[in-house]
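Read-outs throughout are calculated quantities, based only on the coordinates presented, and are distinct from any laboratory measurement. These figures come from a predicted structure and were not determined experimentally. Here Cβ is always computed from backbone atoms with ideal geometry, including for glycine, and neighbour counts include all displayed protein chains.
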């Protein structure tokens, strides 16, 4: 919490004239969604700045382009909370609600935020939970109390008695710039999520 607020005060030079959100970030999207994209945490100069997950950063650029191709997003980019972007059939949230130092959430932060995730999922009619990265996968397993713990992998799929979990590599620059996650790989996961959601 302290770090999230400090980043909002000591802004990156490129955003020096902007007012940072600097608070916990809530999920957003279609309240009737059957698919939930479950990320890690707000990025320090992305969602912590804009107040909306995957908005205003390169991970979001990659994700929203795919969501637009799949018909879930009205636009292929998301720059700020008031940019007119709408989601259809999809909700975006994260395991951790506050930007963590070096964009690396800890298990303690995950566990502190799990009750909020549980309440949020309880309000949705989700049939599929697309977990972006191993951290989100682990949080979802804890959230849905799935044991033994299935291994994370891109395209991994687990029926839980509740929403089906789908694993997807996180659209971080580290993954997208190195080709670990390619557009067609993300497209395939989103297509599978659509199939599972009905």
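Tell me, what is the FRET efficiency for residue 77 and residue 9 to the nearest 0.05, using R0 = 30 angstrom and their Cβ-Cβ distance as r?
0.65
In units of 2.2 N^0.38 Å, what is the alpha-carbon radius of gyration of region 64-198?
Compared with the compact-globule rule of thumb, region 64-198 sits at 1.04.
For the pair residue 127/residue 58, report the inter-label distance in nm, with labels modelled 7 Å from Cα in the Cβ direction.
Using points 7 Å along Cα→Cβ, the separation is 3.6 nm.
Helix 134-143 versus the longest principal axis of the chain: what is the Cα-based angle in degrees, 0 to 90, to the nearest 10?
60 degrees
Quick check: pseudo-label points 7 Å beyond the Cα along Cα→Cβ at residue 187 and residue 173, how many nm apart are they?
About 2.5 nm, to one decimal.
Relative contact order, percent, of region 1-142 when contacts are C-alpha pairs under 8 Å separated by at least 6 residues?
Reported relative contact order: 31 percent.
Per-residue ellipticity at 222 nm for the chain, helices alone: DSSP H runs ≥ 4 residues times -39500 (n - 2.57), over residue total, nearest 500 deg cm²/dmol?
-10500 deg cm²/dmol
Determine the percent antiparallel among the DSSP beta bridges restricted to region 1-102, to the nearest 5.
40 percent
Using only the alpha carbon atoms of region 21-82, find the Kirkwood hydrodynamic radius as the inverse mean reciprocal pair distance, in angstroms to one decimal.
11.8 Å
Does region 1-150 come out rounded, prolate or oblate by the C-alpha gyration tensor, with a ≥ b ≥ c the root eigenvalues, rounded set by a/c under 1.5 and, if not, prolate when a/b is larger than b/c and oblate if not?
Since a/c reaches 1.5 but b/c is at least a/b, the shape of region 1-150 is classed as oblate.
Ratio of region 79-146's C-alpha Rg to 2.2 N^0.38 Å, to two decimals?
Taking the Cα Rg and dividing by 2.2 N^0.38 Å, one obtains 1.19.
How much length is gained if the chain between residue 2 and residue 159 is pulled fully straight, taking 0.36 nm per residue apart and subtracting their Cα-Cα distance, in nm to one decimal?
52.8 nm
Highest mean first, what order results for 158-166, 34-42, 119-127 on Cβ atoms within 10 Å?
Final packing ranking: 34-42, 158-166, 119-127.
Within 10 Å, count the other beta carbons around each residue, average over each peptide in 63-71, 132-140, and list them highest first.
Answer by packing, highest mean first, reads 132-140, 63-71.
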